[in-house]
Amino acid sequence: MSVEFLSTEPCDWQLATHAQLPPLTREWLLDEGSLTAKLRALPGDFAVHLIGQAVATPFANERSEFPQQTHFVIREVLLTLDEQPFIFARSVFPISAAEHKNLNLAELGTQSLGQSLFNQPDLTRSTFEVTQLPLTHGISQLNRLFHDCDELIWGRRSLFETRGQSVLVSEFFLTPVPIY
Ligand SMILES: C=C(O[C@@H]1C=C(C(=O)O)C=C[C@H]1O)C(=O)O
């Protein structure tokens, strides 16, 4: 069964240290803790809505994070509070990570990827890269569809490493996140 992912175009990323981030934006984008935990601390019922998870071809600037790998799984989700989408997240990981018995990535379903990653004792995370999307980007259009709101959507990405495996996680902060 082929999956229709929502991400249809890559983003331009830059190291967070080079970006001029307003203070509240910085507080959200550069928080190194679990975004799932951060959302769960807000009012409302938290849920992960799975858009899709399948073997697929990442964008070139995602593949370049895994120079030795050739086959990948892509996972896209919406993190919601009371059914309102707060975060659109896209994760890319090699098949080897999907098959790793301790990571349980292949069976995640609507469980949060973060709950699996942040339970790993040897977890490390790279420096954040950030992006601010143009209104024409597909993810900005997604936000308009959900929230009838035009904003330059902020995103961040980082590379998690655990058990010799790597997971590239990109998270896009939709307009209910209090940074707009
Ligand atoms: C990495 C985390 O996991 C979150 C959940 C995701 C998922 O279930 O696919 C993807 C990205 C994150 O927003 C986290 O909670 O920090």
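All of the numbers you see were taken from the coordinates with simple rules; none came from a lab. Please read these numbers as outputs of a predicted model, since none were measured by experiment. Don't worry about glycine lacking a Cβ; one is built from the backbone with ideal geometry, like all the others, and counts go over all protein chains shown.
Return a yes/no flag: does the stretch 164-179 have any residue that is under 17 Å from residue 51 (Cβ atoms) and more than 15 Å from the ligand (Cβ to nearest atom). Checked against the condition, which is being under 17 Å from residue 51 (Cβ atoms) and more than 15 Å from the ligand (Cβ to nearest atom), the stretch 164-179 yields no hits at all.
Checked against (1) within 14 Å of the chain's Cα centre (by Cα); (2) crowded, with 18+ Cβ neighbours inside 10 Å, residue 125 passes all but condition (2). Does residue 42 satisfy the condition of being surrounded by 15 or more Cβ atoms within 10 Å (Cβ to Cβ) and among the hydrophobic types (A, V, I, L, M, F, W, C)? Considered against the rule, which asks whether it is surrounded by 15 or more Cβ atoms within 10 Å (Cβ to Cβ) and among the hydrophobic types (A, V, I, L, M, F, W, C), residue 42 comes out as no.
Considering the stretch 58-84, the residues that are in a strand (DSSP E or B) and over 15 Å from the mean Cα position of the chain (by Cα) include one that is nearest to residue 142 (Cα to Cα), namely 84.
Which of the residues belonging to the stretch 25-57 are more than 12 Å from the ligand (Cβ to nearest atom) and either assigned to a strand (DSSP E or B) or in contact with a Pro (Cβ under 7 Å, 6 or more places away or on another chain) (or both)? Within the stretch 25-57, 54, 55 meet the criteria. Selection of the stretch 7-25 for residues being in contact with a helix residue (DSSP H, G or I) (Cβ under 8 Å, 6 or more places away or on another chain) and more than 16 Å from residue 157 (Cβ to Cβ) yields only 8.
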